[in-house]
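Here the structure comes first, spelled out in structure tokens, and everything after it is commentary.
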Amino acid sequence: MSESRRGSSPHANHRPRFAYRRPPELGAAAPARHPVVVVGAGPVGLAAAIDCRLKGLPVVLLDEDDTVSIGSRGLCYAKRSLEILDRLGCGDPVCAKGVNWNVGRTFFHDREVYRFDLVAEPDHKRPGMANLQQYYIEEYEIGRAQTVGVDLRWKNRVIAIDPRADHVRLDVETPDGRYAIEADWLIVADGARSPLRHLLGLDVEGKVFRDRFLIADVVMAADFPAERWFWFDPPFHPGQSVLLHRQADNVWRIDFQLGWDADPDVEKQTERVIPRIQAMLGKGREFEIDWVSVYTFQCRRMAKFRHGRVLFAGDAAHQVSPFGARGANSGFQDVDNLAWKLQLVVAGRAPDRLLDTYDEERVAAADENILNSTRSTDFITPKSGMSRTFRDAVLELAERHEFARRLVNSGRLSVPTIYEDSSLNTRDGETFAGAMVPGAPAADAPLDRDRWLIDELGGRFHLLVFADDPGEISRPVVDAFAVLARLPIPVETLVLARRAGAAVANARVLVDAKGVAAERYDGRGGTVYLIRPDQHVAARWRRFDLASIRAALGRATGHDAEV
């Protein structure tokens, strides 16, 4: 990626600098051993460090810089990422500062041919997307990391790595000299170029597309709605495509397709960028350029994300084109999948092979994202005259015909992966309606007292028990809730009742007053769901059975038998 900074946005003139502190290991006779070390203080590395700390794991976070990123970079944060950020304690500032939106519009030439709504139904806490420049996300996460006790080490650059059977040794360079540090487990989140990946001699496999795109962050006062606008072959940029997004601080993100033959160094020059923007907005509109970058599409991943005690996450593990917002969003899901498994393994409550399912589930998710990203790229940048003819015909038909709208692909936007084929799932033994299959992320729903179901889940295993009235749950079942709470891997029971009633021993009662949760989970009275710490469904039944629940818990944590 080739980039340059102009610095006209409010944030550009006030990038925070974080203090370097002399590491205690400098001059030590032997390297100190730490349970978890994370390399890379971008959004994904910070999320990994926060999540591990929330789960009681001491964490050292190393980063070679001492500030946040430049430019918008990761911009669109999907509903699932916002729910993960809520669990990490960062969701509120992101949604308060960001531009929340649900609607996207697609244009062909100068006509709108298609629009979509990411959250077409009501009763969700978070919007389909929130647009926020990456540097704000990083600031909020850094503040949270400091609050929860992450050992943040700025200006600490890893220069050598030595993976061993029971730990990983790192050599680190600082302004005061070099030191060695050892990690029981190492999480690598140091970005698409990943110096640690190269130090290990590992590579990514996939495809680099022969096209270039210009990103321009533009500061301007405009009353365009908070929507995603995408043009194919517009009159102001003929033969190419353009994307417009609104960000915080009156900053607008514009992506111009350039073609493979474009010179990145030439195209990011002000005298080339300004005429493009003027052609799009009209010469009468005032604006300032904040940041400019030129990039190519890449859809690639590592063959494996786990290498012994080294675990790769985010762009270090997989890369996709930016159209579809699948980069940072997928990285947050990596962390969501990894941290709880690492916690159980470190605590000795789950076998080491549970971490192999991080690789199993997130490699499959990366393949799904790469497939969708590749299809988007092929539609946006046709590789032949015949492909362009087909693409343009689809766009012409989409204005009037529903079937064609399903073929329009300006970047299928990020949705959470359903781990439908995961070895951690317990298959259904009975019939259910709806989308809450084993492996699916839990659906949100409103509860009484302005609470949300998604906020009650996560961080540990939960059992959802649906009931019309909490008083109808039998005494033996209530006693079994206490058994679940005392297991080596404890399960907290949540009773989802259609109406308020008496308290239930060994459980928390939540009131599904509007019946939305019951509808989304097909949760008739007696229905039971086991939810993983990452808020994915592990199993479900039509009636409570303690032995079945314990067997499913054992399967979901990598054991051969019930827990």
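The values are calculated or read from the model by the stated rules, or taken from the named source; none is laboratory data. If you're wondering where the values come from, they're calculated on a predicted model, not measured in any experiment. FYI the Cβ positions are ideal-geometry reconstructions off the backbone, even for glycines, and counts take in every protein chain you see.
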_Filter pass, VAL119 being under 27 Å from LEU447 (Cβ atoms), out of contact with any strand residue (DSSP E or B) (no Cβ under 8 Å at 6 or more places or on another chain) and at pLDDT 95 or above_ = no
*asked:* I'd like the full set of residues that are surrounded by fewer than 17 Cβ atoms within 10 Å (Cβ to Cβ) and at pLDDT below 95, limited to the range 352-379.
replied: ASP367, GLU368, LEU371, ARG375, ASP378
*For ASP392, all conditions in the list (1) under 30 Å from ASP336 (Cα atoms); (2) charged (D, E, K, R); (3) surrounded by 14 or more Cβ atoms within 10 Å (Cβ to Cβ) hold save one; what is the number of the exception?*
(1)
*Taking the stated definitions as given, is ALA189 more than 28 Å from ALA325 (Cα to Cα) and outside the structural domain of LYS514 (by TED's automatic domain parsing)?*
no
*Can you name the condition, by its number, that VAL103 falls short on among (1) among the aliphatic types (A, V, I, L, M); (2) over 30 Å from ARG460 (Cα atoms); (3) assigned by TED's automatic domain parsing to the domain that holds LEU170; (4) surrounded by fewer than 21 Cβ atoms within 10 Å (Cβ to Cβ)?*
(3)
_So, in the range 450-487, exactly how many residues are surrounded by 13 or more Cβ atoms within 10 Å (Cβ to Cβ), outside any strand (DSSP E or B) and within 33 Å of the chain's Cα centre (by Cα)?_
13
*Kindly indicate the residue of the range 520-563 that is in a loop (DSSP other than H, G, I, E, B) and basic (Lys, Arg) and also farthest from the chain's Cα centre (by Cα) among those meeting that condition.*
ARG543
_If I ask for residues that are in contact with a helix residue (DSSP H, G or I) (Cβ under 7 Å, 6 or more places away or on another chain) and either over 23 Å from ARG460 (Cα atoms) or part of a helix (DSSP H, G or I) (or both), which ones from the range 87-96 would you list?_
LEU88, GLY91, PRO93, VAL94, CYS95
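Among the residues of the range 411-421, are any basic (Lys, Arg), in contact with a helix residue (DSSP H, G or I) (Cβ under 8 Å, 6 or more places away or on another chain), modelled with pLDDT of 95 or more and closer than 26 Å to GLU83 by Cβ?
The answer is no; no qualifying residue exists.
Looking only at the range 497-514, count how many residues are loosely packed, with under 15 Cβ neighbours inside 10 Å, part of a loop (DSSP other than H, G, I, E, B) and either not small (Gly, Ala, Ser) or not assigned by TED's automatic domain parsing to the domain that holds LEU457 (or both). It would help to see each step written out before you state the result.
Going through the range 497-514, the residues loosely packed, with under 15 Cβ neighbours inside 10 Å turn out to be 499-500, 502-503, 505, 508.
Right, trim to part of a loop (DSSP other than H, G, I, E, B) and you get 499-500, 502-503, 505.
Next, only the ones that are either not small (Gly, Ala, Ser) or not assigned by TED's automatic domain parsing to the domain that holds LEU457 (or both) stay: 499.
So the count comes out to 1.
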*Under 9 Å by Cβ, and 6 or more places apart or on different chains, what pairs join a residue from the range 409-426 that is not assigned by TED's automatic domain parsing to the domain that holds LEU82 with one that is of a type in the set (Val, Ile, Thr) and assigned to a loop (DSSP other than H, G, I, E, B)?*
ILE418/VAL437; GLU420/VAL437; LEU424/THR557; ASN425/VAL437
*Inspect the range 259-275 for any residue being closer than 23 Å to ASP223 by Cβ and over 32 Å from the mean Cα position of the chain (by Cα) and give the result as yes or no.*
yes
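Conditions tested, residue by residue: (1) basic (Lys, Arg); (2) touching a Ser or Thr at 6+ places or on another chain (Cβ under 7 Å).
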position	(1), (2)
ILE84	no, no
ARG87	yes, no
ALA96	no, no
TRP101	no, no
GLY104	no, no
LYS125	yes, no
MET129	no, no
GLN134	no, yes
ILE161	no, no
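Looking only at the range 242-269, how many residues end up being touching a His at 6+ places or on another chain (Cβ under 9 Å) and under 21 Å from VAL208 (Cα atoms)?
Final tally of qualifying residues: 3.
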*Can you pull out the residues in the range 97-132 that are assigned to a loop (DSSP other than H, G, I, E, B) and within 15 Å of the chain's Cα centre (by Cα)?*
ARG126, PRO127, GLY128, LEU132
*Would you point out which residue out of ARG144, ARG126 is touching a residue at least 24 places away in the same chain (Cβ under 8 Å) and not assigned by TED's automatic domain parsing to the domain that holds VAL37?*
ARG126
